[in-house]
Amino acid sequence: MNDTFLQACRGEKTDYTPIWIMRQAGRYLPQYQKVRGNVTFLELCKTPELCVEVTLQPIDYLGVDAAILFSDILIPLEAMGTTLEFHEGRGPVFPNPITNQADLDKLIIPDPNEHTAFVMETIRLLRQELQVPLIGFAGAPFTCATYLIEGGSSKVFWETKKMMYTCPELFHAMMDKITRTTTLYLQAQAKAGAQALQIFDSWAGVLAPCDFETYALPYVTQIIADLQDSGLPIIYFANNGATLLEMSESTGADVLGLDWRINIGDAVKRLGRTAVQGNLDPFSLLLPKDELKKRIGNIINDARDAHGHIFNLGHGIHQFTPPEQAKAAVEYVHELSCK
Ligand code: CP3
């Protein structure tokens, strides 16, 4: 069993820097496209045998040090009673966005073992197969709320901020419901066999620091506090969150995910004993190999004083990335960090 990733999460010294790649299972891999050719994305997410297959694809091909459950952050939101669709080329769509208290009242706090049984089954099956640790995950409440309020992806978050500023009670009631759903969902993943849990706050960076503190931070902090009993390392990734670093650390997360907009060494200086994960710009994978290798070496060197460093991209791998560039990146991280 390769435990390097878990050692780094706990801030222990490792023989080399472990790496996994955000969104490592997905469309950039021809193996994934093949599976996806026969089913819709949601069918894939709800078929444990296929989820196992695509989770394992990058482990075998890239040689990464951790696996991440194949699912989506929007799955538990559908379980709350919303309608979720994925439109080719447009991404996720919630055709009935939440606009008022009556809409919110219709949502349930689902029993994860009943309404998302396929996720728990995928985790159990994966644990029988894997030689590297398995990361479970969920979206952070603020990021989840944006999808429910906007009805899908957004660029300016008009509806979300309108609700925050003009109907704060409704916004907070919604955050509370998503928070309780997410806590139960992650606790169930821990019980099913996940060995670390990552919380994705993909849109945290669109908030002013004072708004992050009021409208997003308390809910993430609550979830992390309620997960302490699981004993698992918790990774919190606030995308575009360089200005939110100290507040992110105050959540009690064991590891902070970092995007590429901050120098990883500068981030380490601002943190206490929290481990870091990141932070190569996903588009750096397009660089010629010698330059890619140099950048990877710089990140490893800049992170040398970290209390645990897990190498990763600063956000998800782009769907047109040549897979062999990702494979080369994994080799460079292992080679350059080997002590
Ligand atoms: O290896 C893995 O990480 C796969 C598991 C995974 C997926 N989504 C599969 C997926 C994970 C961890 C996610 C997280 C996720 N989903 C996030 C947080 C991370 C981030 O990127 O910020 C978010 C915001 C979502 C919501 C989501 N899902 C969007 C906006 C989209 C469409 C745009 C896109 O990137 O494709 C998805 C679809 C999705 N989720 C795909 C995959 C493999 C592509 C679906 C397809 O096959 O067509």
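The values are calculated or read from the model by the stated rules, or taken from the named source; none is laboratory data. No experiment lies behind these values; they were computed from the predicted model shown. As a convention, Cβ positions derive from the backbone with ideal geometry for all residues, glycine included, and neighbour counts pool all protein chains shown. Each accessible area value is taken on the protein alone, full model and side chains, heavy atoms only, with ligands, DNA and RNA left out. Shrake-Rupley method; radii C 1.70, N 1.55, O 1.52, S 1.80 Å.
Of note:
- Hey, residue 24 within 10 Å of the ligand (Cβ to nearest atom) and open to solvent by less than 30 Å² (accessible area, probe 1.4 Å) or not: yes
- Those residues of the stretch 289-305 which are closer than 16 Å to residue 11 by Cα and surrounded by fewer than 23 Cβ atoms within 10 Å (Cβ to Cβ), in sequence order: 300, 304, 305
- Any hit, the stretch 241-261, residues being in a loop (DSSP other than H, G, I, E, B), hydrophobic (A, V, I, L, M, F, W, C) and either open to solvent by 40 Å² or more (accessible area, probe 1.4 Å) or farther than 23 Å from residue 138 by Cβ (or both): yes
- Test for residue 143: is it of a type outside the set (A, V, I, L, M), under 21 Å from residue 75 (Cβ atoms), in contact with a Ser or Thr (Cβ under 6 Å, 6 or more places away or on another chain) and modelled with pLDDT of 95 or more: yes
- Output for the stretch 45-69, where each listed residue is of a type in the set (D, E, K, R), buried (at least 17 other Cβ atoms within 10 Å of the Cβ) and either within 12 Å of the ligand (Cβ to nearest atom) or without any contact (Cβ under 8 Å) to a residue 24 or more places away in the chain (or both): 53
- In the stretch 208-221, the residues that are open to solvent by less than 40 Å² (accessible area, probe 1.4 Å) and touching a helix residue (DSSP H, G or I) at 6+ places or on another chain (Cβ under 6 Å): 212, 215, 216, 217, 219
- Test: residue in the stretch 184-204 that is open to solvent by 20 Å² or more (accessible area, probe 1.4 Å), within 14 Å of the ligand (Cβ to nearest atom) and of a type outside the set (Ser, Thr, Tyr): yes
- Restricting the first member to the stretch 22-44 and to residues that are in contact (Cβ under 8 Å) with a residue 40 or more places away in the chain and farther than 18 Å from residue 286 by Cα, and the second to residues that are part of a loop (DSSP other than H, G, I, E, B) and near the ligand (Cβ under 8 Å from one of its atoms), the beta-carbon pairs closer than 8 Å and six or more apart or on different chains are 25/70; 41/72.
- Inclusion of residue 130 among residues that are open to solvent by 10 Å² or more (accessible area, probe 1.4 Å) and within 14 Å of the ligand (Cβ to nearest atom) is warranted.
- Scanning the stretch 297-339 for residues being touching a Lys or Arg at 6+ places or on another chain (Cβ under 6 Å) and either within 14 Å of the ligand (Cβ to nearest atom) or of a type in the set (Ser, Thr, Tyr) (or both) gives a total of 4.
- Within the stretch 271-318, tally of residues that are part of a loop (DSSP other than H, G, I, E, B) and modelled with pLDDT of 95 or more: 16
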